[in-house]
Every structure is written in structure tokens, then in C-alpha cells.
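So the structure is just underneath, and the comments pick up after that.
Bear in mind that the values in this text are calculations on the coordinates, not laboratory data. Just so you know, these numbers come straight off a predicted model, no measurement behind them. FYI the Cβ positions are ideal-geometry reconstructions off the backbone, even for glycines, and counts take in every protein chain you see.
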Amino acid sequence: MAENYDMDALFHPKVEISTPKNSNPLEYSPSADKGKNGIYQSIIRFVSWWQDPQHSYSEKWTCWLVDPVTNRGRSIDCPTTVGKPSPLQDMYFKFKNSESVQEQKKKDIFSRKRQYTAIIQVIKDEQNKELEGKLLTWTFGKKVFDKYEAEKKPIIGEAHEAFDLLDGKAFLLNITKVSGYNNYDQSKFLDQKIPLLISVNNKLTPIDQNTPREVVLNFLKENSPDLSIYGYKEWNQEIYNYVNQVITAVSGSPIASNNYANVRNNVNNVNNISFSKDVPINSTPTSGISTQELSIDDIQFDGGSGIPSLDLPDLNISNFNGISGNLDDALKNL
């Protein structure tokens, strides 16, 4: 035994509790609980997926399925995403249409929700300044998607494509907690455009019409997360067994396996994200500066770039009186 061994620490340890970090460093996970005084505010912009720009977001139905025996849950992709029969949906409607009030409550165990994932660039985030300038994936729900769709297909006014690398507008995230869940009602697209920021001479710089397209493509190749992994995942035997276990625990009877054989069959091309044939996926990117080496403070604001000042004061929740459609006004509240 080493002479310097700390015997006191063995008998009377002071165990350190570390703050859990994002399990995936390429994912953006803002929430009201992580914000100041229960409000999370940041500014982001959506980024097109270089491998298949026409499919710059993934979309699927998911169910947070909790095992009533262990009280542990996991996210399960619903087969209805790809037009297949789903035991989850069958159980949902079975309990929903039951004449028993107690049985009807069980439908929530199998309820599903629509989930979207896209690549975003963090423009300003006082809660996590180390993320500023980085390209990350962000998974969000229908409420945020509806805001995107309203911009793309407005009833009145000019249409706006949020994924446009030059003309995409800034998106102000304002996440609060309502009835125990994150609420995005006050999040919205702002009026000013935020071009994609790329590395030029070791600095983050907004692109413009004169930026070589090959430079932008190489930047996206080197820094974009892989969006394809967020598409629908076909059930394997382990997932099927888990779903069957929960159904058995809730209803008392397992799935009739012959009715759902096609749910378990693995097929090729199950992702509802495809790869563009026009992009050389296997081409070797040129060397460049990773956003991990850059700081938002180093951004060069060239004349005519259309980028507003991002020198923001500390967030003052008490003075927050709602969201304006103007970026300058919104930034004053951060």
C-alpha cells in the first residue's frame, strides 16, 4: 500500500456529485429547467442538411413507453411512421374505445407524438456559451414545426424558408414550463435574417452571395451531425420483446405474434430521410477549422452582411414582456 494513501478519505469520503452533461455533444437540448429562473432563451437558425437539402428534417411518430413493472420508460418509434400496423396504436384505440373508465385511462400509456429533428446553428445562448457557433441536431415537437410551416406557407405575406443558408431568419427560443412540460408558445421567428456562420481565417464569419459555394459545402461536411440516424428505426427482436412485455403487463395478454410479423422484419431504406444523388457523399472534405476551435466573440461583422450586434447583456427575466418580431428588440431582452 502506498505510504501516502489517504485513509481518512477511505473511511470518511466526500463523494463529489458531478452535474450531468448532454449525453450526446452533437445534440442541442434546451429546456426550461436549464434556463434562468425557469425560462430558457437562446437564438438559433436552421441549417440545411448537406447530404440531402430537400430533406433537411426527419419526421416520425414516437411513443414514450413506460414499463409499469419497473416504472422505467424508453422511446419507441411507431411503425405507423412508415405505414405499417402498430401494436402501440392498436392498444391505444382498444383502451380508448373501452366502456370502462379505468380502461380508458390506460390509453395514455400507448399515446404517440410527432417528433422532428433538424440541424441548427446556435447563434446566442447565455446558458451554454460554449455551444455558440456550433452545428447541432435539435429534436422538437409539432408546436415548433407549426411555426416553421407557418413561415413557409403563410396565409398572408411572403413565404420564408428557414433552412435557407443566406436568407433564413433567426429563431428565438423562449421555453417556459407549463403543467410540468416545456412550452414553446413564445418562441418565434424574428424579422431579421442570420446567414450561416462559417470559419474564415480562424474566425466565424457570415456567408454572403460572394462566398464560394465549395467553401460552404466543405464547412458543412466537416461540422454537420449525421441527420440520418434520427429517422425511423425498424423494430428488432429486443424492441419487440419490450413492447410485448409492456402490453402484457397492462392488458394481461401478449401480442399475437403472427399478426405483427411485418413489424419485426428488418427492411432496407427504412429511414424517411434520403441522400441526394447530386452530392458526392464519399468525397473527401478539405481541411478546415472546426467550430469547436472558434468563439462567437470572434465573428467578423462585415459591412452589408445583415448581421445585428450580438453583444448581449445578462438575461433579465423580470423585464421580459413577451416576444417582438424584431431581432434587435428581442436581443435587448436577453
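Taking max minus min of the alpha-carbon positions on each principal axis, segment 66-205 gives extents of 64, 40, 31 Å, largest first. Here the alpha carbons of segment 61-133 define both size measures, Rg and Dmax, at 17.8, 54 Å.
So what's the net charge close to Val122: Lys and Arg +1, Asp and Glu -1, counting the other residues with Cβ under 13 Å from its Cβ? With Lys, Arg at +1 and Asp, Glu at -1, the net is -1. Approximating the spin labels as points 7 Å out from Cα along Cα→Cβ, the Glu214-to-Asn97 distance works out to 6.1 nm. Measuring spread by the Cα atoms of segment 98-169 yields a radius of gyration and Dmax of 18.5, 56 Å. By the rule of a C-alpha distance below 18 Å, with chain neighbours fewer than 8 residues away ignored, the lysines paired with Lys107 are Lys94, Lys96. Distance between the 7 Å Cα→Cβ label points at Ala150 and Asp6: 5.5 nm. Among residues other than Lys113 with Cβ under 14 Å from its Cβ, the summed charge is +2 (Lys and Arg +1, Asp and Glu -1). Each residue of segment 50-60 was assigned a 3J(HN,Hα) from its phi angle through the Karplus expression (A = 6.51, B = -1.76, C = 1.60, θ = phi - 60°), giving 5, 6, 7, x, 6, 10, 8, 9, 9, 9, 7 Hz with x at Gly and Pro. When each of the peptides 150-163, 132-145 is scored by how many other beta carbons lie within 10 Å of its residues on average, the order from highest to lowest is 132-145, 150-163.
Each label point is 7 Å from the Cα along the Cα-to-Cβ direction; what then is the distance between the points at Lys105 and Asn202, in nm? For the pair Lys105/Asn202, the computed spacing is 6.4 nm.
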